[in-house]
1. What is the chain's relative contact order, in percent, from Cα pairs under 8 angstrom and six or more apart in sequence?
2. What is the helix-to-structure angle for 89-98, meaning the angle in degrees between its Cα long axis and the longest Cα principal axis of the chain, kept from 0 to 90 and rounded to the nearest 10?
3. Tell me the volume per residue, in Å³, of the convex hull enclosing the alpha carbons of the chain.
4. Quick one: which residues, 5 or more positions from His107 or on another chain, have an amide H under 5 Å from its amide H? H modelled 1.01 Å from N in the peptide plane, none for Pro or chain starts.
5. If the only charges are +1 at each Lys and Arg Cβ and -1 at each Asp and Glu Cβ, what is the size of the charge dipole of the chain around the Cα centre, to the nearest 20 debye?
6. For the stretch 23-146, state the average projected area of the convex hull of the C-alpha atoms over all orientations, rounded to one decimal in nm².
7. Please list, by residue number, every one of the trypsin sites (Lys or Arg not before Pro) in the stretch 1-47 that is coil in DSSP and has at most 15 other beta-carbon atoms within 10 Å.
8. Suppose the chain between Thr118 and Ala173 were pulled fully straight at 0.36 nm per residue; how much longer would it get relative to their current alpha carbon spacing?
Amino acid sequence: MTDTGLSLRAMNHGDVVLLSPTGRLDLSTYVSMRDGLLKHVAEQPRAVIVVLGPALELGSDPLASVFAAVWMRCCRWPCVPLLLVATTARHRAMLARTGLSRFVPCHDRLDAALEATTSPTWRQRNEMQVPADTDAPHLARDFARRTCTRWGLREVCPRAVLLAGELVDITQAHTSATLVLRIERFPDQLTVAVRHTGPSPRGAARRLDLTRIHRLSTACGNTPTLDEGRVLWAAIALDPVAST
């Protein structure tokens, strides 16, 4: 990701993405930084670590809120941990002044952040390719039903089934590409997401009607991906007792 005065370099460390922003973060580059971080999070790596080094200049302390904004967006979906590493005294002082560590895990060293990402977390995932034909919503609903049954999620199964069909139906209205349906279970929520690759028709994202998805889910949204595709997702809160 590049912008006037700002760039975001990405590296893979196994299944963890390391992002190194360089240039100046100010009002003119805030949105590009936020969207660039969100696109990497949407790829669903095990974690995203942002390394704040000497090549990054912050115009003012309030602009650091971009990292909290991204954390708040991804805590519902795709539940990918976001961590910060401040490698300079200047950035460590900024983190202390802004109190970002109350929301986003902050570290002084990259090796400490990488070690933190190895902590075991309970997560189940199941996905399927959905062909671009008229049976796609039916196939998606059947897949969601079988997945919820296997995981013992009787309470939320009807909503998950409806969401899978609705998300596929909405996405198919804007693309003819093969879709990927992914269902994930976390300790406190179930997420249903549909992804397509390649660009959508111009303005398609603005025309998405998620009214019914809002009614069926705890939270929902649509997120761009690095390959110009898009992910439509919905989350359902789980009762810890009912979902065991």
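1. Relative CO of the chain lands at 15 percent.
2. 60 degrees
3. 129 Å³
4. For His107, whose amide H was placed from the backbone, the distant partners under 5 Å are Leu84, Val85, Ala86.
5. Roughly 340 debye, rounded to the nearest 20.
6. Averaged projected hull area, Cα only: 9.9 nm².
7. In loop regions of the stretch 1-47 (DSSP not H, G, I, E or B), the sparsely surrounded trypsin sites (Lys or Arg not before Pro) are Arg46.
8. Stretched out fully, the Thr118 to Ala173 stretch lengthens by 15.8 nm.
Every number in this text was worked out from the coordinates using simple rules, so none of it is lab data. Quick caveat: nothing in here was measured; it's all calculated off a predicted structure. Reconstructed Cβ throughout: ideal geometry from the backbone, glycine too, with neighbour counts over all protein chains shown.
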